[in-house]
Amino acid sequence: MSAYARAYHHSMSDPEGFWGEAAAAIEWTRRPTRILDREARPAPRWFANGELNTCYNAVDRHVEAGRGDQLALIHDSPLTGRTRRFTYTELRDDVARFAGALAGLGVSAGDRVLIYLPMVPEAAVAMLACARLGAIHSVVFGGFAARELAVRIDDARPVAVVAASCGVEPGRVVPYMPLVERALEQAEHTPDACVVLQREEQPAELTSGRDHDWEELAAAARPVGCTPVAATDPLYVLYTSGTTAKPKGVVRDNGGHAVALRWSMTAIYDTGPGEVFWAASDVGWVVGHSYIVYAPLLAGCTTVMYEGKPVGTPDAGAFWRVVDEHGVKTLFTAPTAFRAIKKEDPSASHLARYDLSRFSALFLAGERLDPDTYDWAAKVLDRPVIDHWWQTETGWPVAANPLGLEPLPIKPGSPTKPMPGWDVRILDDEGKEVAPGREGAVAVRLPLPPGALPTLWNDDDRFVDAYLSRYPGYYLTGDGGLIDQDGYLFIMGRIDDVLNVAGHRLSTGAMEAALGAHPAVAECAVIGVADDLKGEAPVGFVVLSDDAEVRDHTTLEQELVALVREEVGPVAAFKRVVVVDRLPKTRSGKILRRNMREIADGQHPAAPSTIEDPAVLEEVATALGGQSP
Ligand code: COA
Ligand code: AMP
């Protein structure tokens with residue numbers, strides 16, 4: 001049996017044995033003896049009687065083991081022209097001091113802290129400081145607007161907010177504090193305090209009595225040690241887009257998360273202590289949580305935090321420069337980044353300027369890896385290009401090519417095979433498994449492995465409803481796909497109304513709520529259409545109310561685009577509105593989004609038997625035809 005097959009089989013036949021062994025790579029203050037509590041509700045729990053501190057495992061532990069002088073984190077910021085390096089000792093000292101500062105503001109174990117920071121080292125420091133105290137962080141991506149921030153503040157009810165004065169995007173500085181102000185005005189919950197990291201690009205005016213300057217607060221604080229917490233205590237809540245406008249608060253626990261992530265660094269990413277790992281994502285997404293901050297540090301690697309873009313900062317050679325300059329062994333990013341590089345530099349001419357001798361593999365995830373992009377990346381890099389598939393909910397890869405266990409033959413278009421712990425099945429509408437090669441809903445048989453979400457924040461019912469009730473005994477991923485004769489998984493895309501724009505997960509519901517707030521809009525639907533660069537791009541279809549006073553459609557469209565940017569955020573990249581007389585619906589009133597998507601992608605779908613009026617599909621096609629994409 002191959003190493004992969006052996007590990008997979010072990011994890012299925014004896015999950016307690018498999019993950020019990022993996023748990024030995026973590027330092028526990030109380031070693032778990034109960035590996036899997038199958039009786040726990042709403043879902044089984046891992047390492048229930050274990051106790052640990054995640055920050056200790058990610059930082060202090062390496063210092064105590066004599067690796068204090070090794071680089072822990074490199075911040076490379078072409079957007080500001082600065083590079084900063086932190087050894088494990090320096091990171092520990094900064095984290096301990098900032099944890100002391102938070103404790104001084106009244107933050108203690110179990111409290112939530114909302115973090116609204118761009119790609120600066122302080123984001124990792126703040127997250128680890130929370131972990132050190134046993135507090136629960138909730139990081140919000142900088143490209144979201146005030147309303148999204150307000151919704152998260154009301155759901156997480158943080159004791160403190162940690163924000164920066166600004167983020168830096170190409171060609172513009174994004175002031176963060178006005179967004180925080182507006183979010184606090186909109187939110188019902190009021191945090192006790194705000195800590196503001198003043199950036200020289202644009203410092204913020206602080207509100208006395210509420211705001212504290214990061215530097216001053218940290219300078220005056222006493223460093224604190226690590227508070228042990230139960231393995232099942234939450235480490236963080238990360239909000240992700242669901243099908244409704246209200247985001248889902250994905251909970252991650254401490255024990256399962258540490259064990260699974262530590263295991264993945266060796267077995268999947270084949271990257272170990274002292275080696276350099278770079279996830280070119282953002283701390284606001286799950287990739288940033290798992291593979292910029294926690295996993296590389298748990299494994300004693302050097303992690304790279306990049307405040308820049310794949311192109312334009314300054315050119316399409318930016319990624320190769322970072323790989324060369326910091327000796328990156330493993331790079332992880334989204335296919336969109338490679339599409340952007342390929343578009344700008346199709347012959348990869350920039351590569352010749354850099355030394356990539358230490359670079360060994362590229363991992364891509366977050367959205368579908370199209371064959372053209374795969375072929376191009378594999379050709380120009382001449383290294384393994386690994387497509388792997390996972391979600392905010394799963395926390396780490398469900399399907400991948402486990403380079404550290406055994407590299408499996410690559411099938412372009414497939415994220416390879418399920419990783420140990422993930423019992424992936426393809427189900428039909430009745431919940432029956434389909435034959436190999438047939439498409440269906442991608443589901444995972446329970447129990448989920450360590451590191452996967454145990455529930456949604458303060459909402460067990462929604463957790464059960466959204467993920468466990470459709471197919472009893474299974475977790476519903478929301479993706480459609482198939483498993484072929486050789487056991488390779490192929491992901492075909494979401495079967496719900498979640499969009500994926502440039503690897504960013506967005507809710508159609510949130511954009512529809514924004515459009516619906518415009519007085520001229522009676523009804524609307526947002527769908528994702530194929531986009532050459534970003535994979536998918538949102539398009540809003542609006543029906544105007546009878547009494548709408550609309551001067552002209554161009555002005556209306558501009559207002560609607562501005563509204564989504566204002567309410568959801570620039571990251572939605574919402575740029576296109578189509579005015580229609582009616583939306584295609586079933587007789588029961590359900591909007592036929594799939595048909596709309598097919599029309600927008602240039603297909604001619606047959607009208608489903610349930611449609612209220614087949615003529616509406618024609619109307620949609622005509623309305624779209626009148627506009628350039
Ligand atoms: N704070 C504020 N605004 C942000 C932001 C942040 N953290 N991140 C993005 N935005 C803004 C951008 O400035 C842009 O605004 P604009 O409409 O004024 O230009 C908008 O949100 C869309 O951003 P983005 O998706 O980055 O698109 P882009 O057109 O600026 O850049 C790419 C295109 C391909 C370079 C970019 O999408 C990219 O780097 N993608 C990689 C994907 C990725 O890392 N995904 C993470 C999941 S693994
Ligand atoms: P997120 O929760 O933001 O990580 O988004 C998860 C979703 O992104 C998945 O449900 C998929 O729809 C999509 N996705 C992630 N990785 C891949 C991949 N390798 N191939 C296809 N789709 C992917």
What percentages, rounded to whole numbers, describe P(r) for the chain computed over all alpha carbon pairs with 10 Å bin width beginning at zero?
3, 16, 27, 28, 18, 6, 1, 0
Rounded to 0.05, the calculated FRET efficiency for the beta carbons of Ala24 and Ser208 at R₀ = 45 Å is 0.35
How much net charge surrounds Asp355 when only the other residues with a Cβ under 15 Å from the Cβ of Asp355 are counted, with Lys and Arg +1 and Asp and Glu -1?
+2
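State in Å² the accessible area per residue of region 267-355; use a 1.4 Å probe, count heavy atoms of protein chains only, and round to the nearest integer. Write down the numbers at each step before the final one.
Numbers: 2240 Å² over 89 residues.
Solvent-accessible surface per residue comes out at 25 Å².
Net charge around Ala135, counting only other residues with Cβ within less than 12 Å of its Cβ (Lys, Arg = +1; Asp, Glu = -1)? Working shown, then result.
Values: positive: Arg112, Arg132; negative: Asp111, Asp233.
Around Ala135, the surrounding residues sum to 0.
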Along the charge dipole of the chain, which of Ala101, Tyr467, Val323 sits closest to the positive end, that is, farthest toward it, with unit charges on the beta carbon of Lys, Arg, Asp and Glu (+1, +1, -1, -1)?
Val323
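With the other protein chains left in place, how much accessible area per residue, in square angstrom, belongs to region 499-624 at a 1.4 angstrom probe? Intermediate values should be presented prior to the final figure.
Details: 5950 Å² over 126 residues.
On a per-residue basis, 47 Å².
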Among Lys248/Lys379; Lys248/Lys411; Lys309/Lys575, the pairs whose Cα-Cα distance exceeds 28 Å are Lys248/Lys379; Lys248/Lys411
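Between Glu430 and Asp546, what FRET efficiency follows from the Cβ-Cβ distance if R0 is 45 Å, with the result rounded to 0.05?
Details: r = 43 Å, r/R0 = 0.96.
E(calc), rounded to 0.05, equals 0.55.
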Relative packing of peptides 5-12, 275-282 - highest average C-beta neighbours within 10 Å first:
275-282, 5-12
Under a point-charge model restricted to the Cβ atoms of Lys and Arg (+1) and Asp and Glu (-1), what is the dipole moment magnitude of the chain relative to its Cα centre, in debye to the nearest 20?
1300
Loop only per DSSP, at most 13 neighbouring Cβ atoms within 10 Å: give me the trypsin sites (Lys or Arg not before Pro) in region 421-495, ordered by residue number.
Lys432, Arg438
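Please state the shape class of region 499-624: rounded when a/c is under 1.5, otherwise prolate if a/b exceeds b/c and oblate if not, all from the C-alpha gyration tensor. Present the calculation step by step, with values, prior to reporting the outcome.
On the way: a/c = 1.76, a/b = 1.14, b/c = 1.54.
Since a/c reaches 1.5 but b/c is at least a/b, the shape of region 499-624 is classed as oblate.
Test of understanding: what is the full-extension gain from His604 to Thr622, defined as 0.36 nm times their sequence separation minus their Cα-Cα distance? Walk me through the numbers on the way to the answer.
On the way: separation 18, 0.36 × 18 = 6.48 nm, distance 1.19 nm.
Gain on extension, His604 to Thr622, equals 5.3 nm.
Using a 1.4 Å probe on the protein heavy atoms, what percent of the accessible area of the chain belongs to carbon and sulfur? Could the numbers behind the result be given before it?
Details: 11430 of 23870 Å².
Percent of accessible area from carbon and sulfur atoms in the chain: 48.
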In the neighborhood of Ala103, defined by Cβ-to-Cβ distances under 12 Å, what is the net charge if each Lys or Arg adds +1 and each Asp or Glu adds -1?
+2
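The values are calculated or read from the model by the stated rules, or taken from the named source; none is laboratory data. As the structure is a prediction and not an experimental result, all values here were calculated from the model. With ideal geometry, Cβ positions are generated from the backbone for all residues, glycine too; neighbour counts draw on all protein chains shown. We work out accessible area using only protein heavy atoms, side chains counted, and drop any ligands, DNA or RNA first. Shrake-Rupley method; radii C 1.70, N 1.55, O 1.52, S 1.80 Å.
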